[in-house]
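Nothing in this text is a laboratory measurement; each read-out follows from the coordinates by a stated rule. As the structure is a prediction and not an experimental result, all values here were calculated from the model. Here the Cβ is made from the backbone with ideal geometry for all residues, glycine too, and neighbour counts use every protein chain on show.
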C-alpha cells in the first residue's frame, strides 16, 4: 500500500488534533522509511519484477525487521515512547499512543494488499490478502480510504483560508503520485535506486502535509 497509508494519518489527526499532520505522515510510513534504509544496507531483500502483480512489481521476500507482525508492534511501541519523551511538554501519553497506533497501522493496511510476505512471527508463516493482484480493487481501497479520511479530517478541522486552493492541490498531488506509481517503467529501476526513490517520496509527501496544515487549525 502507498497513499492508502495516509488515510490512517488523516483519521488520527481528526481524533487527536494537537498532533501535527506531518508527524502522522511520517509515522504511518515509518516502517517503510526503515525498510528502504535496510534495503540500501542489504539487510532486507526485494526483487523488482515488472508485472509481478497487477498493482505491484515488488517481490518482498525478506523483510522480517520491518514487516513481521511482532516487528510492527515493536516499531509502534518504540515510536510511542520516543514521541512522548521528545514532545512531553506539548502532548500527553494519549497523543503518543495515537502516534504508536499510526505506526502499527502500516502493517494492518499492508495486510490487505500484500501477497503472502508478511510474517506472523519471526521465521513463521507469511500472510497477505493479495489485493495487489487486482489493479482495480487495490486502487479502490487505497484511494477510497484516502478520500474518506480526508473528508473526516476536513470536518474535524477548521479551514483558516477557506478560499485557498492548497488543500485540493495537495489531494490532487497525492492521487497523481499514486497513479504515477502504477505506470510500468520503461526500464525497471535497481533495488537501491527504488529504495532511494521511496525515501524521497515519503519525505516529499510529509512536506506536503506540513503545507496543508499551514491552512488548518490545530497544529502544534
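A few notes on this one:
- Whether segment 50-147 is rounded, prolate or oblate, judged on the alpha carbon gyration tensor where a/c under 1.5 counts as rounded: oblate
- Gap separating the Cα centres of segment 183-212 and segment 25-97, nearest whole Å: 15 Å
- On Cα atoms only, tilt of 93-113 relative to the major axis of the chain in degrees: 40 degrees
- Helical runs (DSSP H, four residues minimum) scored at -39500 (n - 2.57) apiece and divided by the length of the chain put the mean residue ellipticity at 222 nm at -19500 deg cm²/dmol.
- Nearest 10 degrees, 0 to 90: helix 166-181 Cα axis against the chain principal axis: 0 degrees
- Compared with the dominant Cα axis of the chain, that is its longest principal axis, helix 135-156 is turned about 20°.
- Gyration tensor verdict on the chain (Cα atoms; rounded if a/c is under 1.5, prolate if a/b is larger than b/c, oblate otherwise): oblate
- Peptide ranges 115-123, 24-32 listed from the most packed, as the mean C-beta count within 10 angstrom indicates: 24-32, 115-123
- Burial order of peptide ranges 75-88, 166-179 (average beta-carbon count within 10 Å, highest first): 75-88, 166-179
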